[in-house]
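Reviewing the structure listed below.
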Amino acid sequence: MSSGQSPAPLPYTDERHQMAAQFLTEEAHLLDTSDFEAWLGLMDRRIRYRMPVRVTAVKAADEVDVQTMHHFDEDWYSLRKRVQRFQTDYAWTEDPQSRIRHHVSNVRTFEGSDDELIVESAVLLYRSRGDRTAPSLLSAGRTDVLIPTEEGLRLRQRDIEIDESVLRTQNLAIFL
Amino acid sequence: MAAAEPNGIADITGAVRQGLIPAFLYNDAEVYELERTRLFGRSWNFLAHESEIAQPDDYVVRNIGDDSFLVTRDSDGQIHVMFNMCVHRGMQVCRAERGSARTFRCPYHAWTYKNDGQLAGLPFHADAYGGEAGFVKEGQALLRAPSVAIRNGMIFASLDPDAPHFETWLGDYAFYLDFYTGQSAAGMEFRGPQRWRVEANWKIGAENFMGDSYHTPHTHASVVDIELFGEPKPYKRKEGVLWHAGPGGGTTYKLPPGSDFRSGLAYVGYPDEMIDRMAATLSPPQRALVDEPGFMPSASTLFPNLSFVHNWPQTDAQGRITPFISVRLWQPVGPGETEVYSWFCVAADAPDDYKAASYKAYLMCFGSSGMFEQDDVENWVSITTMARGSMARNLLLNNRMGLTLDGDPIVDQFEGFGGPGTAYQGFGEHNQRHWFSMWADLVSQPAPARQPMAFGMGEQPA
């Protein structure tokens, strides 16, 4: 994962880091409570939301060179469609809903250009469906670009590094 | 399998041929063992597309069931499919999923194979084996896939050295395959695959794509509701023709009245440049499928477990309609688990703008995050869970849609359909019954015993 544009992360005492960490916590809360409309409100209209398919490559090769595909490559239009779908009465895969929890940690904030913040984080998504005893777990790293606005921080870009080449989940009817 | 002939297989295939599916077939260890040995041991299995190993020395590693295969393009450009097991002590030779390599060195004892499979070297051949006197190195190679065939750049292999000739076996299905993977003389480009595991039996996806136009209006109602894809309305699906030909079948959508080849393709969002390419590669009879009365291929399955989908969703807020093609493999990993491999497929020389929009269309609709696929898999996991229990042993599911109780079709075959094979307009499970008849043919025949091959003993492997 890129280390952002600064050589070192902002100290935890820096207000910008605290704002970024709070943004991620509040965002996770919206997702865990299915408030997708409010979640979409945190997105800048120019949002790029991407999650490449991980490929097992030899150590000497750069994995990025053999990646050809994404799980997500979203813009505002497609994220909005995904949210609208959850709001219909026919999104069967989440009716009954999964019990989900986003565990966000390892937050590192870097100064970007033009007041942007580059924020790295780890996320563990716990998803339990029906009476199945084995939960679906998704572990990922994220690199976000947050931009300040009058309404607060907004997500301009998210690059998700999922930690599996073969996902052990029936679908990605979730957001990371 | 302990018994010479597994208990009840004749009853199972008998029921299946009548359009009645013993519900436990969707999650049963004995049935799965028969599928593994008798069906996947003999069928033609899709591995990869040539574009995934476009350059000399490129490789990918793919499975047929439990068997790992190394699919390479050697330094001279030739394609090879080899069992990925070192012939010395059995280690998996290549443990990466894709990359570029001239040789593969086994991590265990450093036996080294060229990317055409030939054994290039083993350490201390003279000291450890006494040279050729103890291990005949000359001519040794990784075990080759017994049968290999390539069509439209798609690489297939069979574990059966006596597999039917691929093109003969493919038969009239080839006519339809070209709509998905024959759209340009420059060939297709496969991206991916996305891979994910679902707790569903592999047969369900294969059957669904083969001909289940009946599920679309309900399962995928959300996608219509949000105006992502307007076609799957009940009356629209009912006008489509279901066809089966050779070892496959599929669904179509009826095009607006008066459609011809160009206007039909334009209706589903193909730009002129793409229509020109398809006009050049598709034969006059293939083009006539799109002419009045006009049908556009949608989902399809090639037996046993390779499926295709062609839809045309709205890909931006301005209402642009863009078609996409996905190729998917329902790779069994157990009676109740499947690994889905899902590729995006596009003409290699398509305009960049079209490629980008088509890729977007794919990601929104199908694959691991696709808004269609999400609801499909929910159904298939549920079926597989229900099939595990005792009650499912006493239930024959009805797969007879389109037939009277006497076994006669409720409508005549559709005469105005331009493609080969058998075609019915409206809802029906004709294709699923065709799929299951092929399934029954294979699982009811014991697989012939094979002579194991010894390496380094002075005889050339066959």
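Brief remarks follow.
- Residue A:164/residue A:26 FRET efficiency (R0 25 Å; Cβ-Cβ; nearest 0.05): 0.40
- Cα-only Debye scattering, the protein assembly as shown: base-10 log of I(q)/I(0) at q = 0.07, 0.10 Å⁻¹: -0.49, -0.98
- Positive-end extreme of charge dipole, the protein assembly as shown - chosen from B:154, B:27, B:264 (charges on Cβ): B:27
- Over 25 Å between alpha carbons, listed pairs A:81/B:236; A:59/B:137; B:203/B:254; B:238/B:360; A:81/B:203: A:59/B:137; B:203/B:254; B:238/B:360; A:81/B:203
- Projecting the Cα atoms of B:142, B:163, B:179 onto the dipole axis of segment B:141-195, where Lys and Arg carry +1 and Asp and Glu carry -1 at the beta carbon, places B:142 farthest toward the positive end.
- Per-residue mean of C-beta atoms belonging to partner chains within 10 Å, peptide A:77-88: 5
- Applying a 4.7 Å Cβ-Cβ cutoff to chain B, the cysteines left without a disulfide-compatible partner are B:94, B:345, B:365.
- Comparing the full protein assembly with the isolated chain, the residues of segment A:45-70 losing at least 20 square angstrom of accessible surface (1.4 Å probe) are A:53, A:55, A:56, A:58, A:66, A:68, A:69, A:70.
- Dipole size of segment B:288-377 about its Cα centre, with +1 on Lys/Arg Cβ and -1 on Asp/Glu Cβ: approximately 80 debye, rounded to the nearest 20.
- Calculated accessible area for chain B comes out at 38 Å² per residue, all protein chains present (probe 1.4 Å; ligands, DNA, RNA ignored).
- Residues of segment B:213-240 whose accessible area (probe 1.4 Å, heavy atoms of protein chains only) drops by at least 20 Å² once all protein chains are present, relative to their chain alone: B:218, B:221, B:222, B:225, B:226.
- The protein assembly as shown - charge dipole about Cα centre, Lys and Arg +1 at Cβ, Asp and Glu -1, debye rounded to 20: 860
- Overall, segment B:349-394 carries a charge dipole of about 380 debye about its Cα centre when +1 sits on the Cβ of Lys and Arg and -1 on the Cβ of Asp and Glu, all other atoms neutral.
- Environment charge at residue A:137 (Cβ cut-off 9 Å; Lys +1, Arg +1, Asp -1, Glu -1): +2
- Ordering B:84, B:44, B:96 by Cα displacement along the dipole of segment B:22-99 toward the positive end leaves B:84 in first place; charges were set at the Cβ atoms of Lys, Arg (+1) and Asp, Glu (-1).
- Shape call, segment A:9-90: gyration tensor on alpha carbons, a/c limit 1.5: oblate
- Centroid-to-centroid separation of segment B:332-387 and segment B:59-135 [C-alpha atoms, Å]: 32
- Pairing chains B and A buries close to 3400 square angstrom of accessible surface in total, based on protein heavy atoms and a 1.4 angstrom probe.
- The portion of the accessible surface of the protein assembly as shown made up by carbon and sulfur, rounded to a whole percent, is 50 (1.4 Å probe; DNA, RNA and ligands excluded).
- Residues in segment B:79-101 that, when all protein chains are in place, have 30 Å² or more less accessible area than the chain alone would give (probe 1.4 Å): B:96, B:97, B:98
- Residue A:132 versus residue B:54: modelled label distance in nm, points set 7 Å from Cα along the beta carbon direction: 3.6
- Cut-off 11 Å between beta-carbons: net charge of the residues surrounding residue A:90, Lys and Arg +1, Asp and Glu -1: -4
- Accessible solvent surface per residue of segment A:25-176, calculated while the other protein chains remain in place, 1.4 angstrom probe, Å²: 45
- Dividing the summed -39500 (n - 2.57) terms of all DSSP H runs of n ≥ 4 by the residue count of chain A sets its mean residue ellipticity at 222 nm at -6500 deg cm²/dmol.
- Residue B:11 paired with residue B:126, simple spin-label distance in nm, labels 7 Å along Cα-to-beta-carbon: 6.8
- Applying 1/(1 + (r/R0)^6) with r as the Cβ-Cβ distance of residue A:19 and residue A:139 and R0 = 22 angstrom yields a FRET efficiency of 0.30.
The values are calculated or read from the model by the stated rules, or taken from the named source; none is laboratory data. Just so it is clear, the model here is predicted, and its values are computed rather than measured. Neighbour counts are summed over all protein chains in view; Cβ atoms, including those assigned to glycine, are modelled from backbone coordinates with ideal geometry. For accessibility, only protein heavy atoms count, side chains too; no ligands or nucleic acids. Shrake-Rupley method; radii C 1.70, N 1.55, O 1.52, S 1.80 Å.
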